[in-house]
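First comes the structure, then the notes that go with it.
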Amino acid sequence: MNKELLAALEQLEKEKQIPREVLFDAIENSLLTACKNHFGKNDNMKVELNRETCDYFLYAEKEVVEEVEDPVTQISLVDARKISGDAGVGDMVKVEIKSQEFGRIAAQNARNVITQKIREEERNVVYSIFSEKEKNIVTGIVQRMVGNNIAIDLGKTDALLMEKEQVPTEHFRPTERIKLYVLEVKDTNKGPKVLVSRTHPELVKKLFETEVAEIKDGTVEIMAIAREAGSRTKIAVWSQNPNVDAVGACVGMNSTRVNAIVDELRGEKIDIVSWDENPGSFIQNALSPAKPLAVFADPDEKTAKVVVPDHQLSLAIGKEGQNARLAARLTGYKIDIKSETQAKDAPGFRYEDYLDDYEEYDGEDYEEYEEYEEGSENFEEN
């Protein structure tokens, strides 16, 4: 039994996750390559490798003849019977080839064949592992800066976090562990190339799936998401189970669930709102924390007119228009926001006409909400 070879194969299988059968095939091919390089390329050369003991038998199949014309493929009856006592003319016998007879170059070529096969299979294993993680999140360790890009250690391979996929407000230190969204895995000649992102909206979605058990088991669904990476995200959730509070499940007791995600995103604000099949109600929810007085949505044109209290206009629009812009992306509607005074003064625009279709909010205390600087009033989904 070749114990050293068997131990080496077991170690390779464990460390590189390369199937042992693939390694056996590599060894067989390497022996044949060395044999053919030394004795000439002949199809009658074979190798048998015992999978249990790693002992191998290298031989050439030769036809038994009365008179040998081609010594490479034929053997005399006298010589054949030295190998097999009952050999007869026309039979095929296995003539052993001693691997010790191989020259240095042939042995070197055999080793190169095995090494190349191991490298190929190692790349295939890594590609297989990470292709299954495509469109999902992985944990990586920050290594170093490569220009404006960041090299990330993913364990089996490395990834490069490109500058365009980085959040401008985030700064990482070497050895820091971070979550990344796998955009794509490419199979290249130099091994798998893993493309990752910290800005993609799906990163937030996958973090919620990881953190919130109700999302993972399908009780709560994420219906829409809009993100401005590093600043704010709006996410719309819904549950078929009337006894489940979808928003509450995502927030968690004492906000533990959403805070864990905010921490991972380095303080990015997250608004969790209820999704509604009624576009008017959905738009009302999406504009949170503002409380619109009335909403009129046109599903055909994908436009909506929204009326808010005078003192909530800035809140509905948000700083530099962010709140309304994210609401537009979340709902897919172009939103026209007017204050109550603006709506009353606008010719032909009577928000009172829409109150029959959309419930008016009762008199809540709006002063508790923070007001931001007023920006533009019209926003398109972009």
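Eigenvalues of the alpha-carbon gyration tensor of region 229-312, scaled by 5 and square-rooted, set the equivalent ellipsoid semi-axes at 26, 17, 12 angstrom, largest first.
Of Val204, Val68, Val307, how do they rank once you tally other Cβ atoms within 10 Å and put the fewest first? Can you show the working numbers first?
On the way: Val204 23, Val68 16, Val307 29.
Exposure proxy ranking, most exposed first: Val68, Val204, Val307.
Per-residue 3J(HN,Hα) values for region 163-177, derived from phi via the Karplus relation 6.51 cos²θ - 1.76 cosθ + 1.60 with θ = phi - 60°, read 4, 6, 9, 9, 7, x, 7, 8, 9, 10, 10, x, 6, 6, 8 Hz in sequence order (x marks Gly and Pro).
Ignoring lysines fewer than eight residues from Lys216 along the same chain, the ones with Cα atoms less than 27 angstrom from its Cα are Lys133, Lys135, Lys156, Lys179, Lys205, Lys206, Lys234, Lys269. Going by neighbour counts of Cβ atoms within 10 Å, the residues Ile141, Ile270 line up, fewest first, as Ile141, Ile270. Extents of region 203-348, largest first, come to 50, 32, 25 Å (Cα atoms, principal axes, whole angstrom). For the chain, the relative contact order is 9 percent, taking Cα pairs closer than 8 Å that sit 6 or more residues apart in sequence and dividing their mean separation by the residue count.
With runs of 4+ DSSP H residues as the only contributors, calculate the mean residue ellipticity of the chain at 222 nm using -39,500 (n - 2.57) per run, divided by the residue total and rounded to the nearest 500. Please report the intermediate quantities before stating the final value.
Values: 12 runs with 128 residues, N = 382.
Theoretical 222 nm ellipticity from helices: -10000 deg cm²/dmol.
Across region 105-211, counting alpha-carbon atoms alone, Rg and Dmax equal 16.6, 58 Å. Fraction of C-alpha pairs exceeding 26 angstrom in region 3-125: 32 percent, rounded to a whole number.
Net length available on complete extension from Ala213 to Asp86 is 38.4 nm, with 0.36 nm assigned per residue and the Cα-Cα distance removed. Distances between placed amide hydrogens fall under 5 Å for Asp276 paired with Phe282, all partners being 5 or more residues away or on another chain. Contact order for region 307-349, expressed relative to its length and based on alpha carbon pairs under 8 Å spaced 6+ residues apart, stands at 48 percent.
Using C-alpha pairs under 8 Å with a sequence gap of at least 6, the mean separation divided by the residue count of region 162-230 gives a relative contact order of 32 percent. Based on every Cα atom in region 199-238, Rg and the maximum pairwise Cα distance Dmax equal 10.0, 29 Å.
Per-residue 3J(HN,Hα) values for region 70-75, derived from phi via the Karplus relation 6.51 cos²θ - 1.76 cosθ + 1.60 with θ = phi - 60°, read 10, x, 6, 10, 10, 9 Hz in sequence order (x marks Gly and Pro).
Apply the membrane-span-like helix rule to the chain: whole DSSP H runs, Cα extent along the own long axis of at least 18 Å, mean Kyte-Doolittle hydropathy at least -0.5. List the helices found. Once both thresholds are applied, what remains is 20-39.
Which FRET efficiency value, to the nearest 0.05, do you get for Thr53 and Arg266 by plugging their Cβ-Cβ distance into 1/(1 + (r/R0)^6) with R0 = 41 Å? Spell out each step's value before the answer.
Values: r = 57 Å, r/R0 = 1.38.
Here the calculated transfer efficiency is 0.10.
Working value for region 137-197: equivalent-ellipsoid semi-axes of 18, 12, 11 Å, each the square root of 5 times a Cα gyration tensor eigenvalue, largest first.
Restrict the search to region 144-206; then list the GluC sites (Glu not before Pro) that DSSP places in a loop and that have at most 14 other Cβ atoms within 10 Å of their Cβ. Walk me through the intermediate numbers first.
Details: sites: Glu163, Glu165, Glu170, Glu176, Glu184, Glu202; in loops: Glu170, Glu176.
Hits after loop and neighbour filter: Glu176.
Rounded to whole numbers, the Karplus 3J(HN,Hα) couplings from phi for region 179-194 are 8, 9, 9, 7, 6, 7, 10, 9, 9, 10, 5, 9, x, x, 10, 9 Hz, using 6.51 cos²θ - 1.76 cosθ + 1.60 with θ = phi - 60°, and x at Gly and Pro. Build a GNM of the chain with springs between Cα atoms under 10 Å apart, and of Leu12, Leu287, Leu315 the one that fluctuates most is Leu12.
Just to be sure I follow: if Rg is taken over the C-alpha atoms of the chain and Rh is the Kirkwood radius over the same atoms, what is Rg/Rh?
On the way: Rg = 35.0 Å, Rh = 26.9 Å.
Ratio of gyration radius to Kirkwood radius: 1.30.
Proximity of backbone amide H atoms, modeled 1.01 Å from N, is registered between Ile97 and Leu58, Tyr59, Ala60 at under 5 Å, excluding neighbours fewer than 5 places apart on the same chain. With R₀ set to 25 Å, the beta-carbon distance separating Ala8 from Lys190 gives a calculated FRET efficiency near 0.45.
All of the numbers you see were taken from the coordinates with simple rules; none came from a lab. Since we're looking at a predicted model, the values are computed, not measured. Virtual Cβ from ideal backbone geometry, glycine too; neighbours counted across all protein chains shown.
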